[in-house]
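Quick notes on the structure that follows.
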Amino acid sequence: MGRVLMVLGVLVLNLCSGFALAENQLLTSCADNLKNYFRFTPEQIQWIESSQFHAEGQKEVLDLIEEEVKTQVAAGVTPYVAFDLDETGLDNRHAMYGAIHGENGWLKTEAAAKYPEVKAVLEALDFSHTGESATETFFHAKLPTDTEAYKEFNAFWKLKFFSNEFIGNYAHAFAGFVEYITKLHSLGAHVVYLTARNEPNQGDGTRKALRTLNLLMDERTTLIMKQDKGSTVDYKTTALGGLIEKGHVVGMFDNDAEVIVALEAKYQQVKFVFVQTHFEKIPGSPAQNLYRINGWNR
């Protein structure tokens, strides 16, 4: 037990020391970060710990983007700020919880009845332990992912999530996200939602969710979505390149580690912010020049 506590203490110190925080922000920010941190696998934690992030804390990073927007607007330039949606600004745990427990949720399916032990565990799983994906949900539930039960659950989740009807009814943003978007827009920024959601299956539902959250405001808000099932890295690289050709891109926020590391390597004139909430694919190398936040409150 002593060794476990010692290792945990080292993780806590490493995690919190990665953020340069004002004294009055330390406890809250560290606690929020720890809450997200323990959503990660050991391999993901290793990547986070081996990466080199800028020293600015969460408030400083959010302020930095705001100040750059002000500077560009004062110079007569319309600045672009790009945001991923899923697990960057939108909290998909609500959708997952609904997919499990909802009126037509997985617990009521014939597939669930085939796996009573898995069904019992997921039935008892509360919202705080619900994941953004099937993999993360099973990870928190301490259920194996190399089983037929997982395959069937994952297929059910994808069928739900990749549908306009379902995602249009789950419009839940992380605390502070809507306020931050609104503030940037009021300062003169052109807000771009650069998401890996696909237009054919999720376009209408995504627009419905964004309108519900008052995030589609006017001609200075743009939604860009995938048109096919190709590589997300390639798609976002091309889309961001198009934005850079149009004007000054101040920054981009994304929780997908693989994507944001690849984009930073190509477009070094943009301030890239890793939103440390959830990710699955681990980049082949540590981050070298990213800013980092774990939420939207200051």
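Each reported figure results from applying straightforward, stated rules to the coordinates on display, with no laboratory input. Quick caveat, the model's predicted, so the values are computed rather than measured. A quick note on method: Cβ atoms are made from the backbone with ideal geometry, for glycine too, and the neighbour counts reach across all protein chains shown.
Shape index of region 93-167: Rg/Rh, with Rg the Cα radius of gyration and Rh the Kirkwood radius from the inverse mean 1/r over Cα pairs, equals 0.91. Summarising the label geometry, the points placed 7 Å from Cα in the beta-carbon direction at Thr238 and Lys59 lie 4.3 nm from one another. Of the residues Asp84, Asp228, Asp91, the one with the fewest other Cβ atoms within 10 Å heads the list, and the complete ranking is Asp228, Asp91, Asp84. Here r is the Cβ-Cβ distance between Ser163 and Thr71 and R0 is 41 Å; the resulting FRET efficiency, rounded to 0.05, is 0.45. Pairwise over distinct Cα atoms, reciprocal of the mean inverse distance: report the Kirkwood radius of the chain in Å, one decimal place. Roughly 20.2 Å, rounded to one decimal. Which value, in debye to the nearest 20, gives the size of the charge dipole of the chain about its Cα centre, when Lys and Arg are +1 and Asp and Glu are -1 at the Cβ? So the dipole magnitude of the chain works out to roughly 140 debye. For the chain, the mean residue ellipticity at 222 nm estimated from helices alone is -15500 deg cm²/dmol, where every DSSP H run of n ≥ 4 contributes -39500 (n - 2.57) and the total is divided by all residues, rounded to the nearest 500. Farthest towards the positive end of the charge dipole of the chain, among the residues Leu85, Ala287, Asn255, is the Cα of Leu85, using unit charges on the Cβ of Lys, Arg, Asp and Glu.
Straight-line cross-link reach from Lys229 at under 12 Å between alpha-carbon atoms covers these aspartates and glutamates, not counting any fewer than eight positions away in the same chain: Glu199.
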